[in-house]
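Contents: one structure, followed by commentary.
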Amino acid sequence: MPRKIRDQVVVVTGASSGVGRAIARAFGQQRAKVGLVARGEEGLRNAAREIERAGGEALVLPLDVADAVAVEAAADRVVERWGRIDTWVNDAMVSVFSPVREMKAGEYRRVTEVNYLGFVHGTLAALKHMLPRDEGHVIQIGSALVYRSIPLQSAYCASKAAIRGFTDSLRCELDHDHSRVKVSMVQLPAVNTPQFDVVRSRLPNHPQPVPPIFQPEVIARAVLHVAEHPTRELWVGWSAVKAILGQRVFPGLLDRYLGHMGYEAQQTDEPVPPDRPDNVDHPLPGDRGAHGDFDGRARGRSLELMLRRRRGWVAAGLAATLAVVGWRGLRA
């Protein structure tokens, strides 16, 4: 059984902002020991302060997850300091919003190096320490776009799909070896993060997540749940569930639907300069925190996730209700 969160040693990549920042903060609030991996040092140091104020411990590890040697060295540092790694959360990402015809080969390469190979590097670094102990848990932060690609994000969608292929192969091998190391994947809906301010974009207007939009803390709660209750895959939010199931039932219809509405749904009405800075190749200065520009539209809860997390209580309530209804029926 996994340790309680407060007793875990955790590594989170992409921990300086967005979903990764919210996940790292949530582990810290439960007083875990957290290794913080990202390129942006200011965001990492502020994340470390948040964790330490909450009673956890933090280790700042500034690096680019595309560098396999640096990722492995970071894992070694965590083990040197705290003795082990219980949970490794892969989350780091970059993205380019652009039609395929305007993409550059180097952009596909860079997104793949961070989003896909970064997850591979993190997983290999974690397994180096987990397999000899025959315990540990790797959590891959995915997306509904793992299953259902959308227009204007071909590089991101392809890299996320590759993560799923890699993860499925790894699961098979761990099962073959009778390993107790666990691998989970959490598939996300649209989330209100700062990525839409820093992605490379060739869109005329400001990029946005496709509604409905959820706050990053919703994802953080899901990850903490999975960290204590390993599951093969968790879909967060009805929008993610519908996209994944819809792809299985009528993919051609979704092609046409997304081709019709997918351009407008990924942009606000606010124009942006075509030369705005982005973080694809290099981190931008400053600390952007966990939230993006869409607080007024983002949901702080997911009913679907709440039911999953409390399915024991829900089942008990349904059973009690049925019992009462049945007893009344007998008395009638």
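Listed here are the residues, each with its yes/no results for (1) of a type in the set (Gly, Ala, Ser); (2) in contact (Cβ under 8 Å) with a residue 40 or more places away in the chain.
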position	(1), (2)
Asp134	no, yes
Arg164	no, no
Arg171	no, yes
Ser201	yes, yes
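Kindly establish whether Asp275 is under 29 Å from Gly43 (Cβ atoms), at pLDDT 95 or above and charged (D, E, K, R).
Working: under 29 Å from Gly43 (Cβ atoms): yes; at pLDDT 95 or above: no; charged (D, E, K, R): yes.
So Asp275 does not fit the description; no.
Considering region 242-263, the residues that are surrounded by 14 or more Cβ atoms within 10 Å (Cβ to Cβ) and in contact (Cβ under 8 Å) with a residue 12 or more places away in the chain include one that is nearest to Val146 (Cα to Cα), namely Ile244. Per the conditions (1) in contact with a strand residue (DSSP E or B) (Cβ under 8 Å, 6 or more places away or on another chain); (2) of a type outside the set (Phe, Trp, Tyr); (3) not in a helix (DSSP H, G or I), the sole criterion not satisfied by Thr167 is (3). If you go through region 6-15 one residue at a time, do you hit one that is under 28 Å from Arg180 (Cα atoms), in contact with a helix residue (DSSP H, G or I) (Cβ under 8 Å, 6 or more places away or on another chain) and of a type in the set (Lys, Arg)? Within region 6-15 (the criterion being under 28 Å from Arg180 (Cα atoms), in contact with a helix residue (DSSP H, G or I) (Cβ under 8 Å, 6 or more places away or on another chain) and of a type in the set (Lys, Arg)), the answer is no, since none of the residues qualifies. Listed by first and then second residue, the pairs with beta-carbon distance under 6 Å, at least 6 apart or on different chains, first residue in region 105-130 and on the phi < 0 side of the Ramachandran plot and in contact (Cβ under 8 Å) with a residue 40 or more places away in the chain, second buried (at least 24 other Cβ atoms within 10 Å of the Cβ) and of a type in the set (Ser, Thr, Tyr), are Val111/Ser159; Thr112/Ser159; Asn115/Ser159; Tyr116/Ser159; Gly122/Thr13.
Leu145 falls short on exactly one of the conditions (1) out of contact with any Leu (no Cβ under 7 Å at 6 or more places or on another chain); (2) farther than 23 Å from Pro283 by Cβ; (3) in a loop (DSSP other than H, G, I, E, B); (4) not charged (D, E, K, R), and that condition is (3). Among the residues making up region 111-148, those that are basic (Lys, Arg) and surrounded by fewer than 21 Cβ atoms within 10 Å (Cβ to Cβ) are Lys128, Arg133.
Select from region 42-64 the residues that are of a type in the set (Asp, Glu) and surrounded by 17 or more Cβ atoms within 10 Å (Cβ to Cβ) and write down the one among them that is farthest from Val19 (Cα to Cα). Outline the logic, then answer.
Filtering region 42-64 for residues of a type in the set (Asp, Glu) gives 42, 50, 52, 57, 64.
If we keep only those that are surrounded by 17 or more Cβ atoms within 10 Å (Cβ to Cβ) as well, we get 50, 64.
Values: Glu50: 15, Asp64: 17 Å.
Only one residue tops the list, namely Asp64.
Taking the listed residues Asp91, Asp67, Asp76, the one that is of a type in the set (Asp, Glu) and surrounded by 24 or more Cβ atoms within 10 Å (Cβ to Cβ) is Asp91, with no other qualifying.
A quick yes/no check of all residues on (1) part of a helix (DSSP H, G or I); (2) at pLDDT 95 or above; (3) in contact with a helix residue (DSSP H, G or I) (Cβ under 6 Å, 6 or more places away or on another chain):
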| position | (1), (2), (3) |
| --- | --- |
| Gly28 | yes, yes, yes |
| Arg31 | no, yes, yes |
| Val34 | no, yes, yes |
| Leu44 | yes, yes, no |
| Ala58 | no, yes, yes |
| Val65 | no, yes, yes |
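Listed by position, the helices (runs of 4 or more DSSP H) inside region 196-304 whose residues that are under 16 Å from Ser17 (Cβ atoms) number at least 2 are 216-228.
If you go through region 221-241, how many residues are surrounded by fewer than 17 Cβ atoms within 10 Å (Cβ to Cβ), touching a Phe, Trp or Tyr at 6+ places or on another chain (Cβ under 8 Å) and either under 14 Å from Gln8 (Cα atoms) or of a type outside the set (A, V, I, L, M) (or both)? Of the residues in region 221-241, 0 are surrounded by fewer than 17 Cβ atoms within 10 Å (Cβ to Cβ), touching a Phe, Trp or Tyr at 6+ places or on another chain (Cβ under 8 Å) and either under 14 Å from Gln8 (Cα atoms) or of a type outside the set (A, V, I, L, M) (or both). Against the numbered list (1) in a helix (DSSP H, G or I); (2) among the hydrophobic types (A, V, I, L, M, F, W, C); (3) in contact with a strand residue (DSSP E or B) (Cβ under 6 Å, 6 or more places away or on another chain), Val186 comes up short only at (1). Considering region 9-30, the residues that are in contact with a Pro (Cβ under 6 Å, 6 or more places away or on another chain) and more than 10 Å from Asp91 (Cα to Cα) include one that is surrounded by the fewest Cβ atoms within 10 Å (Cβ to Cβ), namely Ala22. Which ones in region 1-57 are farther than 23 Å from Ala125 by Cα and of a type in the set (Lys, Arg)? Correct list: Arg31, Arg49, Arg53.
So if I check each of Ser159, Ser154, which one is touching a Ser or Thr at 6+ places or on another chain (Cβ under 6 Å), on the phi < 0 side of the Ramachandran plot and hydroxyl-bearing (Ser, Thr, Tyr)? Give the derivation first.
Details: Ser154 fails: touching a Ser or Thr at 6+ places or on another chain (Cβ under 6 Å).
When all the criteria are applied, what remains is Ser159.
The values are calculated or read from the model by the stated rules, or taken from the named source; none is laboratory data. On a predicted model such as this, the values are computed, not experimentally measured, just so you know. Please note: Cβ atoms are built from the backbone with ideal geometry, for glycine as well, and neighbour counts cover all protein chains shown.
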